[in-house]
Amino acid sequence: MKIHEYQAKGILKKYGVAVPRGEMAENAEQAKAAAQALFAAGAAGVVVKAQIHAGGRGKGGGVKIAKSVEEASAIASQILGMTLITHQTGPEGRVVRRLLIEETLPIEQELYLGIVVDRSEARPVFMASRAGGMEIEQVAEQDPNAILKEYLDPGMALESFQARKLAFQLGLKPKQINQAVQFMTGLYKAFAETDSSLMEINPFVTCSDGRLFALDAKMNFDDNAMFRHPELRELRDVTEEDPLEVEASKYSLNYIKLDGNVGCMVNGAGLAMATMDIIKYAGGMPANFLDVGGGANAEQVTHAFEILLSDKNVKAVLINIFGGILRVDTLAKGVVEAAGKTQIQLPIVLRLEGTNVEEGREILKQSGMNFIVAETMKDAAEKVVAAARA
């Protein structure tokens with residue numbers, strides 16, 4: 001689950017991580033009031049920042065500096081409601097519905113801090129770099145040695161000596177070291193206690209007066225841990241997510257929309273990945289990742305089918321099921337029910353194996369619908385790609 005910058009900064013502030021003063025605004029009046037409060041508190045200027053779940057907002061025109069209350073109000077009116085296009089949104093862009101009005105700072109240097117789970121090491125890694133303000137992937141490609149790393153054992157805190165080591169390697173001034181240690185340990189505590197999957201401060205800035213701040217903040221959370229954090233679930237902004245993915249989450253379905261034209265329905269994430277791979281191998285492009293799970297019932301299968309068909313790009317459907325916990329006859333009932341409800345005209349290719357497979361095939365045969373049955377995954381992929389092209 002992703003959240004907005006202003007929400008991430010609200011969380012970090014509770015953990016003692018220094019963030020600039022600022023307020024969220026949903027209209028020009030609120031933006032003007034926030035700017036007035038900041039100027040009254042001594043801010044030299046304010047930054048009007050679009051709040052969307054994507055990076056590159058500044059390059060897209062979604063981050064601008066204002067030197068007066070009137071200018072801040074005018075910029076807010078300009079950005080609110082605009083479709084902001086960045087390298088992460090795709091050409092369709094995202095509509096800006098919220099702003100963060102924040103004080104400007106006397107920035108001296110831009111650095112980078114980030115925390116992720118390194119799956120190859122099976123533990124979190126705290127990263128730092130002097131190349132702040134840049135995409136960390138670009139830094140890693142151009143100069144891997146520019147990324148400093150401290151690995152942490154699960155359940156352990158970021159120790160002061162580790163934070164101090166990173167602070168010195170970043171070239172911070174002696175008087176900033178203790179401040180940086182407090183900043184980094186607070187950052188990691190927030191990461192661990194909220195079950196984050198990603199924490200990124202880019203840029204992490206030093207100011208001419210010696211202070212350190214998180215100028216930007218990005219936090220993602222592990223969906224599987226959200227039952228422990230009802231307060232974080234409330235931060236979800238479904239307007240920033242694909243409508244089909246939001247609909248799928250209501251029925252505990254794992255759905256991710258992709259750019260192809262072959263719809264996929266599979267049980268099990270590994271089988272789903274293999275199915276998408278073999279569609280590509282056969283010369284096609286998957287339109288989605290859809291894992292109905294091992295314990296899906298007929299109702300969930302029906303909803304999955306409806307969601308899959310809601311994508312107008314889908315020209316053919318491949319259903320690849322290995323019946324273990326999810327029996328093949330249960331899947332077949334759901335497919336027939338969904339196909340009848342939606343009056344689908346698209347070709348449907350099925351490759352079914354496992355528990356009650358003969359019963360499932362009989363249900364499909366008795367349905368009177370023109371399903372295409374495949375014997376192997378390769379056969380299924382070739383048939384569905386051909387059907388999509390036709």
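The values are calculated or read from the model by the stated rules, or taken from the named source; none is laboratory data. No experiment lies behind these values; they were computed from the predicted model shown. Heads up, the Cβs are rebuilt from the backbone with ideal geometry, glycines too, and the neighbour counts pull from every protein chain shown. Calculation scope for accessible area: heavy atoms of the full protein, side chains included, ligands and nucleic acids excluded. Shrake-Rupley method; radii C 1.70, N 1.55, O 1.52, S 1.80 Å.
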Report summary line: A correct Karplus calculation of ³J(HN,Hα) over segment 200-213, with 6.51 cos²θ - 1.76 cosθ + 1.60, θ = phi - 60°, whole Hz and x for Gly and Pro, returns 9, 10, 8, x, 9, 10, 9, 10, 5, 8, x, 6, 10, 9
Report summary line: Quick note, segment 243-358: a/c under 1.5 would make it rounded; otherwise a/b > b/c is prolate and the rest oblate (a ≥ b ≥ c, C-alpha gyration tensor); here it is rounded
Query raised in the report: In deg cm²/dmol and to the nearest 500, what is the mean residue ellipticity at 222 nm of the chain if only DSSP H runs of at least 4 residues count, each as -39500 (n - 2.57), divided by the residue total?
Result: -11000 deg cm²/dmol
Query raised in the report: Quick one: length gained pulling Asp195 to Asp209 fully straight, 0.36 nm per residue minus the C-alpha distance?
Result: 1.7 nm
Report summary line: Checking segment 139-191 for GluC sites (Glu not before Pro) in a loop per DSSP with at most 15 other beta-carbon atoms within 10 Å yields Glu159
Query raised in the report: In whole Å, how far is the Cα centre of segment 329-389 from that of segment 140-217?
Result: 52 Å
Query raised in the report: Using a simple charge model, +1 on the beta-carbon of Lys and Arg, -1 on the beta-carbon of Asp and Glu, nothing else, what dipole does segment 171-260 show about its Cα centre, in debye to the nearest 20?
Result: 640 debye
Report summary line: Rounded to the nearest 5, the percent of DSSP beta bridges in the chain running antiparallel is 75 percent
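Ratio to report: Rg/Rh of the chain, with Cα atoms as the point set and Rh obtained by the Kirkwood method; give two decimals.
Working: Rg = 25.1 Å, Rh = 23.6 Å.
Rg divided by Rh gives 1.06.
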Query raised in the report: Remind me, relative contact order of segment 54-161 in percent, using alpha carbon pairs under 8 angstrom and six or more residues apart?
Result: 17 percent
Query - Cα gyration tensor shape of segment 245-290, rounded if a/c is under 1.5, else prolate or oblate by comparing a/b with b/c - result: oblate
Query raised in the report: In segment 212-275, which trypsin sites (Lys or Arg not before Pro) fall in coil by DSSP and have 14 or fewer other Cβ atoms within 10 Å?
Result: Lys250
**Report entry** Cα→Cβ-extended label distance, 7 Å offset, between Lys250 and Lys341, nm
**Finding:** 1.1 nm
Query raised in the report: Based on the Cβ-Cβ distance of Thr239 and Lys13, what FRET efficiency does E = 1/(1 + (r/R0)^6) give at R0 = 22 Å, to the nearest 0.05?
Result: 0.35
Report summary line: Check: C-alpha center segment 42-120 vs C-alpha center segment 6-37, spacing in Å is 12 Å
**Report entry** Other-chain or far-sequence residues with amide H under 5 Å of Ala18's (modelled H)
**Finding:** Ala214
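Is there a pair in Lys59/Lys218; Lys2/Lys49; Lys312/Lys365 whose C-alpha atoms are over 23 Å apart, and which pairs would that be?
Going by Cα-Cα distance, Lys312/Lys365 fall outside the 23 Å limit.
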Requested in this report: Could you go through segment 273-288 in sequence order and give the Karplus-derived ³J(HN,Hα) for each residue, using 6.51 cos²θ - 1.76 cosθ + 1.60 with θ = phi - 60°, rounded to whole Hz, and x for Gly and Pro?
Outcome: 5, 5, 5, 5, 4, 6, 5, 5, 4, 7, x, x, 9, x, 8, 6
Query raised in the report: Residue by residue, what Karplus-based ³J(HN,Hα) values in Hz, rounded to whole numbers, does segment 235-244 have, using 6.51, -1.76 and 1.60 with θ = phi - 60° and x for Gly and Pro?
Result: 7, 5, 10, 6, 5, 8, 10, 5, x, 5
Report task. Quickly work out the Gln88-to-Ala269 label distance, labels modelled 7 Å from Cα along the C-beta direction, and quote it in nm with one decimal. Result -> 2.1 nm
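Please compare each pair in Lys32/Lys64; Lys257/Lys280; Lys13/Lys173 to a cut-off of 18 Å on the Cα-Cα distance and tell me which ones are over it.
Details: Lys32/Lys64 14 Å; Lys257/Lys280 16 Å; Lys13/Lys173 23 Å.
As for pairs spanning more than 18 Å Cα to Cα, those are Lys13/Lys173.
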Report summary line: Among Ile107, Ala72, Ser120, the residue whose Cα sits farthest towards the positive end of the charge dipole of segment 70-120 (+1 at Cβ of Lys and Arg, -1 at Cβ of Asp and Glu, taken about the Cα centre) is Ser120
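Using the crude model of +1 on Lys and Arg Cβ and -1 on Asp and Glu Cβ, and no other charge, please compute the dipole size for the chain relative to its Cα centre, in debye to 20.
620 debye
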Requested in this report: Along Cα→Cβ, 7 Å out, is where each label goes; now give me the distance between the ones at Lys175 and Glu362 in nm to one decimal.
Outcome: 8.5 nm
**Report entry** Cleavage-rule hits, GluC sites (Glu not before Pro), segment 209-288, DSSP coil, Cβ neighbours within 10 Å at most 13
**Finding:** Glu234
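Accessible area per residue, 1.4 Å probe, Å², for the chain: what's the number?
Working: 18400 Å² over 390 residues.
About 47 Å² of surface per residue is accessible.
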